[in-house]
1. Among the numbered conditions (1) closer than 17 Å to residue 218 by Cβ; (2) modelled with pLDDT of 90 or more; (3) over 17 Å from the mean Cα position of the chain (by Cα), tell me where residue 279 comes up short.
2. Right, residue 175: open to solvent by 20 Å² or more (accessible area, probe 1.4 Å), of a type in the set (S, T, N, Q) and over 25 Å from residue 315 (Cα atoms) or not?
3. Go through the stretch 119-141 and count every residue that is without any contact (Cβ under 8 Å) to a residue 12 or more places away in the chain and outside any helix (DSSP H, G or I).
4. How many residues are closer than 15 Å to residue 227 by Cα and open to solvent by 40 Å² or more (accessible area, probe 1.4 Å) when one looks only at the stretch 291-317?
5. Of everything in the stretch 109-127, what is over 25 Å from residue 71 (Cβ atoms) and either basic (Lys, Arg) or within 20 Å of the chain's Cα centre (by Cα) (or both)? Give them in sequence order.
6. Within the stretch 85-109, how many residues turn out to be hydroxyl-bearing (Ser, Thr, Tyr) and assigned to a loop (DSSP other than H, G, I, E, B)?
7. From the residues in the stretch 273-317 that are among the basic types (Lys, Arg) and part of a loop (DSSP other than H, G, I, E, B), which one is nearest to residue 161 (Cα to Cα)?
8. For the stretch 56-88, how many residues are open to solvent by less than 40 Å² (accessible area, probe 1.4 Å), touching a helix residue (DSSP H, G or I) at 6+ places or on another chain (Cβ under 8 Å) and within 21 Å of residue 46 (Cβ to Cβ)?
Amino acid sequence: MREPLPEWPMFGLAEDVRPALRQARQGNSPLVLATLTAVEGGGPRPPGTQMVFAVGVAAGYFSGGCVESDVADHAFACLADGEPRTLVYGAGSPWPDIRLLCGARIEIFLEKVEADDPALESLLAAETARTPCLWVSDGRRRWCGPPDQAPAMSAAVSRAYDPVPRLVVFGSDPTAIAIATLGVHSGFATTLVRPKGPETPPPVPGLAYRRDEPDQALAAIGCDAWTAVAIATHSLELDQAALAAALPSAAGYVGLLGARRRLPERLAPLRAAGVAEEVLTRVHAPIGLDIGGKAPWEVAVSVIGQIMALRHAQASA
């Protein structure tokens, strides 16, 4: 008999299930990967949403409490017999007593994955290497690798994975700390950079910290299309150094804290150094969405909101 899911569904805060997959694999435990494959009627989660179940492991959510416990029952049955299965909730479901309050119909595919499955190894290796990959599975055979190399096979699940979003925050004041903290809680691999700062990092669990100069920090961290850079130093010299390092990079987002009227002054040294105008236009300044607030957490919400909005817009383009 499986353990009941916790009363407080903290496991549902995990949007990315790869840490749970890694946890199960490190424990040499088989797992069940549950993937939402179809949604009708405006369900709370989009197709591709996933949950992971293993002994001592649960991550993700589908409905905010309507079906998770029943899915867990089926997942542990799948662990026991190894048979893939599709669960239907809503119209046409064999379990009419389990309803989504939104009235949606959803389909969820369950597959048992052994800890030493090569596709699982490839998925986690791609995460480490920060390369996109595609998971293709019919429930018994599965493959994971570069999207343009996917084999031709009848698949119940075809799910793309991007690298974990990354956030680099330059600064040291409460606003910079708030941006970095909210980044951690929002699932970003987050680093706070404070050149020549104290040796002791800020007391924020999960936050990386660097004390080197902007160009050295970004070179060590690495910038790719899934990297966002938020510059909030309140130092003209540091702002310019961080901009000079971030703008030519592959970072998908570069934001600068400060008043709009001072932006030409702050970009002038970069123009004088020959930075092209099309590069300078990459700067989001003033940083963040205009939500009308200037308190640290308000600015942090506006910054993370802007980064997420742009990311989702690019994904749907």
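The values are calculated or read from the model by the stated rules, or taken from the named source; none is laboratory data. What you see is a predicted model, and the numbers here were worked out from it, not measured in a lab. No Cβ is skipped: glycine too gets one built from the backbone with ideal geometry, and neighbour counts run over all protein chains shown. What goes into the accessible areas is simple: the full protein's heavy atoms, side chains included, and nothing from ligands, DNA or RNA. Shrake-Rupley method; radii C 1.70, N 1.55, O 1.52, S 1.80 Å.
1. The failed condition is (2).
2. Against the criterion (open to solvent by 20 Å² or more (accessible area, probe 1.4 Å), of a type in the set (S, T, N, Q) and over 25 Å from residue 315 (Cα atoms)), residue 175 does not qualify.
3. Residues flagged as without any contact (Cβ under 8 Å) to a residue 12 or more places away in the chain and outside any helix (DSSP H, G or I) within the stretch 119-141 amount to 0.
4. 7
5. Matches in the stretch 109-127: 121, 122, 125, 126.
6. Residues that pass the stated criteria total 1.
7. Keep residues of the stretch 273-317 that are among the basic types (Lys, Arg), which gives 282, 294, 311.
Add one more test, that the residue is part of a loop (DSSP other than H, G, I, E, B), and what stays is 282, 294.
On the way: 282: 26, 294: 35 Å.
This residue is 282.
8. 6
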